[in-house]
1. Taking A:L112, is it at pLDDT below 95 and within 23 Å of A:N79 (Cβ to Cβ)?
2. Quick one: A:A196 ticks every box in (1) hydrophobic (A, V, I, L, M, F, W, C); (2) more than 28 Å from A:S62 (Cβ to Cβ); (3) exposed (fewer than 14 other Cβ atoms within 10 Å of the Cβ) except a single one, so which number is it?
3. Within the range A:195-211, can one find any residue that is under 23 Å from A:I299 (Cα atoms) and either part of a helix (DSSP H, G or I) or touching a Ser or Thr at 6+ places or on another chain (Cβ under 8 Å) (or both)?
4. Of all residues in the range A:62-86, which are within 14 Å of another protein chain (Cβ to nearest Cβ) and aliphatic (A, V, I, L, M)?
5. What are the residues in the range A:175-188 that are of a type in the set (G, A, S) and open to solvent by 50 Å² or more (accessible area, probe 1.4 Å), if any?
6. Have a look at A:T285, A:T241, A:T303 and point out the one that is at pLDDT 95 or above, surrounded by fewer than 24 Cβ atoms within 10 Å (Cβ to Cβ) and of a type in the set (S, T, N, Q).
7. Can you pull out every residue in the range B:1-42 that is outside any loop (DSSP other than H, G, I, E, B) and more than 9 Å from ligand 1 (Cβ to nearest atom)?
Amino acid sequence: MPQVATTLAFADRLGAWKARWGIGRLNYLVPPGLYAVGAPTPDAPVLVTANYKMSYDIVRSSLTGRNVWLLVLETYGINVWCAAGKGTFGTEELVRRIGISGLAGAVMHRRLILPILGAPGVAAHEVKKQTGFTIRYAAIRAGDLPAYLDNGMVTTPAMQELTFTLRERSVLIPVELVQALKPTALTAAVLFIAGAALKGPADGLTTVYAYLGAVVAGAAIAPLLLPWIPGRSFAVKGAVTGLTWITAFYLLAGGQGWSVPATAAAFLSIPAVSAFYALNFTGCTNYTSRSGVKKEMRIALPTMGCAVIFSALMVLAGRFL
Amino acid sequence: MKGFSYLRNVATLELNRDACIDCGRCSEVCPHQVFSLEENKARLINFDACMECGACAKNCPAAAIRVDAGVGCATGLINEWLREQNFYRVSKECC
Ligand code: SF4
Ligand code: SF4
């Protein structure tokens, strides 16, 4: 039986940091199977988690000094929530893993403790029917596991409620920025060439700065300030941060000297760019519904597209007419 | 979830109270406290908070809940549309 260490080594922390920045994220996994934390008896509780190393690390480090079983499912290195959505953290894999690992022989009881965010993939009554094991969904955060275990395995309302704190939002931003890097660099290059060809290198550079600011306003500032920005729609929130950015940039970068078409284009297209990146952040949130995002996109995408095309036309018209 | 609310009246969630056997699973798994158990039946008390994760429907032993589950992710939806239009798949997935 593999034994689990409950303290994290420097390599684990470095790995977690790299995973946040999207470096080698997919290779970050733990072999699935049954693990012993401490010296569990056949009566000890069984916790189930994904083989995403960050989930596994959080779970094992929260179990310091305890004797429990840990059943790690094969989710191909993906966290519980995303794997449950894809179905890899699911009924089929759980049933299979219970069989392969010989769990029924290792424990006397027939109870499993699952993370609440794994529930979209697992049908508890199906698992019961196929294996005899009863499922309790314990808590959302692994950090609440000690309290849950000490509390006589009762889930408090706080353990069951999702949060999206400033800290939780800020750890998501590096990946957003890294993913925006390539398209942003390409667009910036195109903007610089276009700006330089139309007016001159200095104007090309100003355009690039305005654009980069719009990306940051949408992909970083909007997520950070999320609950405080007006509007329910993410596109609206992004447009608000974008508009704030272009207003500040206009005042600070000598916007009074810009031509009328250029100014109009800036105030039209910059909020559109920010809105696009803010809308993109819906993929990282834990409260946006698919139907909501669909509705929002049907309105926002054509609006953004028109804003950008119209801006380009205005700049061109201002140059050639 | 305090401080956060998304678009209203969009969720595809449906509860058939007649089929409910009052097992309490839906309120156990819902991370947004959409259900409450009243008069031996589940009831929707917070419809607009539903993020369509599908946990309740998947775990309801009486099949009393229906929801068009999926991830609310703009990039994912764009990719889906592109795929439907037979464009090649773009790189990023949601999770
Ligand atoms: S899970 Fe289904 S049967 Fe159980 S309380 Fe909820 S609606 Fe009723
Ligand atoms: S789909 Fe998810 S968020 Fe919506 S009611 Fe069911 S469990 Fe709650």
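The values are calculated or read from the model by the stated rules, or taken from the named source; none is laboratory data. Quick caveat, the model's predicted, so the values are computed rather than measured. FYI the Cβ positions are ideal-geometry reconstructions off the backbone, even for glycines, and counts take in every protein chain you see. These accessible areas exclude ligands, DNA and RNA; they are computed on the full protein's heavy atoms, side chains included. Shrake-Rupley method; radii C 1.70, N 1.55, O 1.52, S 1.80 Å.
1. In short, no.
2. Result: A:A196 fails condition (3) only.
3. yes
4. Hits for the range A:62-86 are A:I78, A:V80, A:A83, A:A84.
5. Of everything in the range A:175-188, just one residue is of a type in the set (G, A, S) and open to solvent by 50 Å² or more (accessible area, probe 1.4 Å), namely A:A185.
6. Step by step, each of A:T285, A:T241, A:T303 is checked, and only A:T303 is at pLDDT 95 or above, surrounded by fewer than 24 Cβ atoms within 10 Å (Cβ to Cβ) and of a type in the set (S, T, N, Q).
7. Within the range B:1-42, B:E14, B:S36, B:E38 qualify.
This table checks each residue for (1) out of contact with any helix residue (DSSP H, G or I) (no Cβ under 8 Å at 6 or more places or on another chain); (2) over 18 Å from A:E161 (Cβ atoms).
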residue: B:Y6; (1), (2): no, no
residue: B:N9; (1), (2): no, yes
residue: B:C23; (1), (2): yes, yes
residue: B:C26; (1), (2): no, no
residue: B:N40; (1), (2): yes, yes
residue: B:F47; (1), (2): yes, no
residue: B:A55; (1), (2): no, no
residue: B:C73; (1), (2): no, yes
residue: B:Q85; (1), (2): yes, yes
